[in-house]
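Accompanying notes for the structure given below.
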Amino acid sequence: MSVMVDIKSVHKSFGSTKVLKGIDLQVRTGQVTVPLGPSGPGKSTLRRTVNHLEKVDRGAISVDGTLIGYRRSGDRLHELPEREVLRQRTRIGFVLRNFNLFPHLTALENVVEAPVSVRRRPRAEAAAGARRLLERVGLADKADACPAQLSGGRQLGAPPGRQALGERRR
Ligand SMILES: Nc1ncnc2c1ncn2[C@@H]1O[C@H](COP(=O)(O)OP(=O)(O)OP(=O)(O)O)[C@@H](O)[C@H]1O
Ligand SMILES: [Mg+2]
């Protein structure tokens with residue numbers, strides 16, 4: 001299977017605190033990878049580098065064959081303009097621990113918002129896609145429910161059977 005996320009020799013410090021010290025990680029298409037460990041060594045920082053929310057000091061990250069946050073010219077990397085980074089981010093999904101759902105929108109409307117606002121998809125087409133996604137994670141019957149009416153796992157869109165993980169995170 002092809003490599004989807006390719007992290008090469010990534011270094012990152014905050015001031016004098018060295019957080020990522022040469023991380024190499026390849027995640028293949030369809031593979032589930034869980035950075036696991038005590039609080040504070042840099043799991044979230046690593047995840048944030050994947051869509052360039054965090055700039056790396058050294059190393060490089062590619063997603064689906066595309067270098068993220070930079071363009072290569074010879075052996076130098078030049079940071080991309082924000083507009084280009086934002087375009088790259090539209091292709092990299094990200095679920096936050098504390099959901100960040102719109103509380104006044106239904107489950108369906110929450111899923112529809114990004115494809116319509118960011119990718120300029122027609123609303124009806126986005127709604128059809130959103131219904132398929134809700135169905136995939138066992139939430140078809142909750143399409144019109146508001147986030148406050150859903151359990152923690154369901155707010156994360158965890159597939160049935162994995163929702164206990166989401167519940168524990170509350
Ligand atoms: N923006 C920042 N400025 C300064 N230090 C930071 C910043 N972000 C993270 N850190 C520090 O970097 C280290 C790694 O933080 P990070 O949040 O990546 O840890 P983590 O492994 O995700 O921890 P947890 O398991 O608690 O979520 C910590 O020492 C943290 O204090
Ligand atoms: Mg963390």
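The values are calculated or read from the model by the stated rules, or taken from the named source; none is laboratory data. All figures in this text were calculated on a predicted structure; none of them were measured in a lab. Here the Cβ is made from the backbone with ideal geometry for all residues, glycine too, and neighbour counts use every protein chain on show.
Quick check on my filter: what residues within segment 67-78 are modelled with pLDDT of 95 or more and out of contact with any His (no Cβ under 7 Å at 6 or more places or on another chain)? The one that is modelled with pLDDT of 95 or more and out of contact with any His (no Cβ under 7 Å at 6 or more places or on another chain): 67. Determine, yes or no, whether residue 47 is touching a Pro at 6+ places or on another chain (Cβ under 9 Å) and among the charged types (D, E, K, R). It is true that residue 47 is touching a Pro at 6+ places or on another chain (Cβ under 9 Å) and among the charged types (D, E, K, R).
Only residues that are in contact (Cβ under 8 Å) with a residue 24 or more places away in the chain, in a loop (DSSP other than H, G, I, E, B) and either within 16 Å of ligand 2 (Cβ to nearest atom) or of a type in the set (Val, Ile, Thr) (or both) were counted across segment 69-98, and they come to 5.
Screening the candidates 134, 101 for the property of being in a loop (DSSP other than H, G, I, E, B) and surrounded by 11 or more Cβ atoms within 10 Å (Cβ to Cβ) yields one hit, 101. Residues of segment 42-65 include at least one that is of a type in the set (S, T, N, Q), away from ligand 1 (no atom under 16 Å from the Cβ) and not in a loop (DSSP other than H, G, I, E, B).
Close Cβ contacts (under 7 Å, 6 or more residues apart or on different chains) running from residues in segment 29-46 that are in the same structural domain as residue 17 (by TED's automatic domain parsing) to residues that are in a helix (DSSP H, G or I) and near ligand 2 (Cβ under 8 Å from one of its atoms) comprise 35/43; 37/43. Go through the residues of segment 8-18 one by one and say whether even a single one is more than 22 Å from residue 95 (Cβ to Cβ), of a type in the set (D, E, K, R) and in a loop (DSSP other than H, G, I, E, B). The answer is no, given that none of the residues of segment 8-18 is more than 22 Å from residue 95 (Cβ to Cβ), of a type in the set (D, E, K, R) and in a loop (DSSP other than H, G, I, E, B). Return a yes/no flag: does segment 23-35 have any residue that is part of a strand (DSSP E or B), more than 18 Å from residue 87 (Cα to Cα), β-branched (Val, Ile, Thr) and away from ligand 2 (no atom under 13 Å from the Cβ). Yes, segment 23-35 contains at least one residue that is part of a strand (DSSP E or B), more than 18 Å from residue 87 (Cα to Cα), β-branched (Val, Ile, Thr) and away from ligand 2 (no atom under 13 Å from the Cβ). Counting residues in segment 99-121 that are away from ligand 2 (no atom under 16 Å from the Cβ), in contact (Cβ under 8 Å) with a residue 40 or more places away in the chain, touching an Asp or Glu at 6+ places or on another chain (Cβ under 8 Å) and polar (S, T, N, Q) gives one or more.
Once segment 37-67 is narrowed to residues that are touching a helix residue (DSSP H, G or I) at 6+ places or on another chain (Cβ under 9 Å) and within 11 Å of residue 4 (Cα to Cα), the residue that is farthest from ligand 2 (Cβ to nearest atom) is 66. Those residues that are among the basic types (Lys, Arg) and either in contact with a helix residue (DSSP H, G or I) (Cβ under 8 Å, 6 or more places away or on another chain) or away from ligand 1 (no atom under 14 Å from the Cβ) (or both), I need them from segment 16-36; list them, please. Scanning segment 16-36 gives a single hit, 28.
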